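Q: Next up is a structure, given as structure tokens.
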Amino acid sequence: MAIRNMTPAATRSLDADMTVDEFKEWLRRFDTDRDGRISRDELRRAMRAIRARFTGWRSRQGISYADTDGDGYIDESEVDGLIEFAQKNLGLKIVTY
């Protein structure tokens, strides 16, 4: 399934691999205010789209895990931390190829 053709409301299978670039492109679709950062609410909506459970709690955990500068948002420099969180805690399979 190609992530680039998905709408924000579409769901993503947790069984399929996605590349880092596909993950970043998919995540950008949830940046509703187009500020180049992902807020906790935007991350919660992304998690809902993949049918994750406890999205409020998990989005707080994801922000806390990846937000290295403590501003409450995930920016481009912090996405790698969010990828690590998604692999460990959401069961996403994100590969580098």
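Q: Taking a ≥ b ≥ c as the square roots of the Cα gyration tensor eigenvalues, with a/c under 1.5 meaning rounded and otherwise prolate when a/b beats b/c, else oblate, which class fits the range 36-97?
A: Oblate shape, in that a/c is at least 1.5 and b/c is the bigger or equal ratio.
Q: What is the gain in length, in nm to one decimal, between Gln87 and Asp75 on full extension, counting 0.36 nm per residue of separation less the C-alpha to C-alpha distance?
A: My answer for the length gained is 2.5 nm.
Q: Which distance in nm do the two modelled labels at Asp17 and Arg37 give, with both placed 7 Å along the Cα-to-Cβ direction?
A: Distance between label points: 3.4 nm.
Q: Once amide H atoms are placed 1.01 Å from N in the peptide plane, what residues at a sequence separation of 5 or more from Thr19, or on another chain, have their amide H within under 5 Å of its amide H?
A: It is Val95, by chain and number.
Q: Of Gly56, Met18, Tyr97, which is farthest on the positive side of the dipole of the range 16-97, counting Cα position, with +1 on Lys and Arg Cβ, -1 on Asp and Glu Cβ, and the Cα centre as origin?
A: Gly56
FYI, it's all coordinate maths here, none of it is from the lab. Because the structure is predicted, anything quoted here is derived from the model rather than measured. Methodologically, a virtual Cβ is constructed for each residue, glycine included, from the backbone with ideal geometry; neighbour enumeration extends over all protein chains shown.
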